[in-house]
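Written below as structure tokens is the structure these notes are about.
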Amino acid sequence: MQSLAFFEAAARHLNFTAAAKELGTTQPAVSHRIGLLEEDLGVALFTRGHRGVALNADGTRLFEAVHDSLGTIGNAVAQIRARRSRQVLSVATDFAFASYWLMPQLGALRKLVADLDVRIVTSQKAFDIREEAVDVAIAFGDGRWPGCEAELLFPEIVVPVCSPSFRDRHGLSGDPASLAQLPLLHLESDDPARWLSWESWFARHKLAAGHSHGHDLSFNNYPLLMQATSAGQGLALGWLPLVSALLESGQLVQAVDHPVRTDNGYFLVRPNAQRSSAAVELFRQWITGQCV
């Protein structure tokens, strides 16, 4: 490889002395390297004359291949160095927040800081950010994460939602009691549940939990739950503002106008032991501003 690099410089300059100056070596060293290369190939690569050197046919063929290859390698090295010099921010959150709030908002963040690369890591299960390879988390809970600083972004505000066709088909009246016997769509949760369940929603309205005679469906992530809701498969609990865009577009409607607010919510979580980088602080300022 070193001999090829010496050859490429000499062939480009058609001058061994100029090549040596570029490579930080001596003219005899360049001449020696090219001699070894020609000996290994079994052919001459230059036509040597009193006025200098010129590439012969074999030399021209090899120069074109080596020059292109070294250019490709140089571009790859430059891209790797450029990527390492960019700020990279790793953000952990759940499927719901990533799909319905964070992703639609990322364009605004990218415009604000063009040299910030954002890596999104999603999980539906509770996790300890101190043990994860991430810079910051947007996590759902009660605000208590041991060894971490938590800043409230959104409180948990929940409304029952369904598709317009489901509402019309079942003639929903807006009365919470009217939902008890309809097909319900559930989001699976850890034990104990971290977010409001249908059973808790009915209890908040002093009603017995609904029983739809085997017509209920459960999902392990929120985007699937919303797809089923939009398709008219049943009623789901919608977290504001995650479902706000779906409500504004008319893809979903509120089944009843009785929102429930709890002490839980989405929090921006950072480990106390981890010093905030400039990227983390910028992200914190941006997201708290967006959540006002």
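The set of residues in segment 156-173 that are open to solvent by less than 30 Å² (accessible area, probe 1.4 Å) and either out of contact with any helix residue (DSSP H, G or I) (no Cβ under 8 Å at 6 or more places or on another chain) or part of a helix (DSSP H, G or I) (or both) comprises Glu156, Val159, Phe166.
Yes/no per residue for (1) modelled with pLDDT of 90 or more; (2) assigned to a helix (DSSP H, G or I); (3) closer than 30 Å to Ser123 by Cβ:
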position	(1), (2), (3)
Phe7	yes, yes, no
Gly59	yes, yes, no
Ala82	no, yes, no
Val88	no, no, yes
Ala96	yes, yes, yes
Tyr100	yes, yes, yes
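Does Arg144 qualify as being open to solvent by 50 Å² or more (accessible area, probe 1.4 Å) and part of a strand (DSSP E or B)? No; evaluated as a whole, the condition is false for this residue. The set of residues in segment 16-39 being of a type outside the set (A, V, I, L, M) and over 21 Å from Asp68 (Cβ atoms) consists of Phe16, Thr17, Lys21, Gly24, Thr25, Thr26, Gln27, Pro28, Ser31, His32, Gly35, Glu39. In segment 240-259, the residues that are within 11 Å of Ser230 (Cα to Cα) and in contact (Cβ under 8 Å) with a residue 60 or more places away in the chain reach residues that are of a type in the set (D, E, K, R) and crowded, with 16+ Cβ neighbours inside 10 Å with C-beta atoms within less than 8 angstrom, at least six apart or across chains, in these pairs: Val253/Arg167. Going by the structure shown, is Glu39 open to solvent by less than 80 Å² (accessible area, probe 1.4 Å) and among the charged types (D, E, K, R)? So Glu39 fails the test. Among the conditions (1) within 47 Å of the chain's Cα centre (by Cα); (2) exposed (fewer than 15 other Cβ atoms within 10 Å of the Cβ), the only one that Arg51 does not satisfy is (1). Of the residues in segment 212-222, at least one is assigned to a helix (DSSP H, G or I), in contact (Cβ under 8 Å) with a residue 12 or more places away in the chain and under 30 Å from Asp128 (Cβ atoms). Residues in segment 273-292 that are loosely packed, with under 13 Cβ neighbours inside 10 Å and modelled with pLDDT under 85: Ala273, Arg275, Ala278, Val292.
Hey, any hits in segment 86-97 for a residue that's within 20 Å of Leu153 (Cα to Cα), open to solvent by 60 Å² or more (accessible area, probe 1.4 Å) and among the small types (Gly, Ala, Ser)? Steps first, answer last, please.
So the first thing to find is which residues in segment 86-97 are within 20 Å of Leu153 (Cα to Cα), and the list is 89-97.
Keeping just the survivors that are open to solvent by 60 Å² or more (accessible area, probe 1.4 Å) gives 95.
Cutting the leftovers down to among the small types (Gly, Ala, Ser) gives us none.
No, segment 86-97 contains no residue that is within 20 Å of Leu153 (Cα to Cα), open to solvent by 60 Å² or more (accessible area, probe 1.4 Å) and among the small types (Gly, Ala, Ser).
Looking only at segment 174-196, residues that are in contact (Cβ under 8 Å) with a residue 12 or more places away in the chain, open to solvent by 40 Å² or more (accessible area, probe 1.4 Å) and not in a strand (DSSP E or B) come to 7 in all. Residues in segment 223-240 that are surrounded by fewer than 24 Cβ atoms within 10 Å (Cβ to Cβ), in a helix (DSSP H, G or I) and in contact with a helix residue (DSSP H, G or I) (Cβ under 8 Å, 6 or more places away or on another chain): Pro223, Ser230. When segment 102-137 is filtered for residues that are more than 13 Å from the chain's Cα centre (by Cα) and under 19 Å from Leu225 (Cβ atoms), the ones remaining, listed by number, are Gln124, Lys125, Ala126.
Considering only residues that are farther than 24 Å from Pro104 by Cα and not hydrophobic (A, V, I, L, M, F, W, C), which ones fall in segment 233-258? Write out each step before concluding.
Our first condition is that a residue be farther than 24 Å from Pro104 by Cα; within segment 233-258, this holds for 233-235, 255-258.
Once the filter is applied, which keeps residues that are farther than 24 Å from Pro104 by Cα and not hydrophobic (A, V, I, L, M, F, W, C), segment 233-258 yields Gln233, Gly234, Asp257, His258.
The values are calculated or read from the model by the stated rules, or taken from the named source; none is laboratory data. What you see is a predicted model; the values in this text were computed from it and never measured. Glycine also receives a Cβ, built like all others from the backbone with ideal geometry; neighbour counts cover every protein chain displayed. For the accessible areas, the whole protein counts, side chains as well, though only heavy atoms, and no ligand, DNA or RNA atoms are used. Shrake-Rupley method; radii C 1.70, N 1.55, O 1.52, S 1.80 Å.
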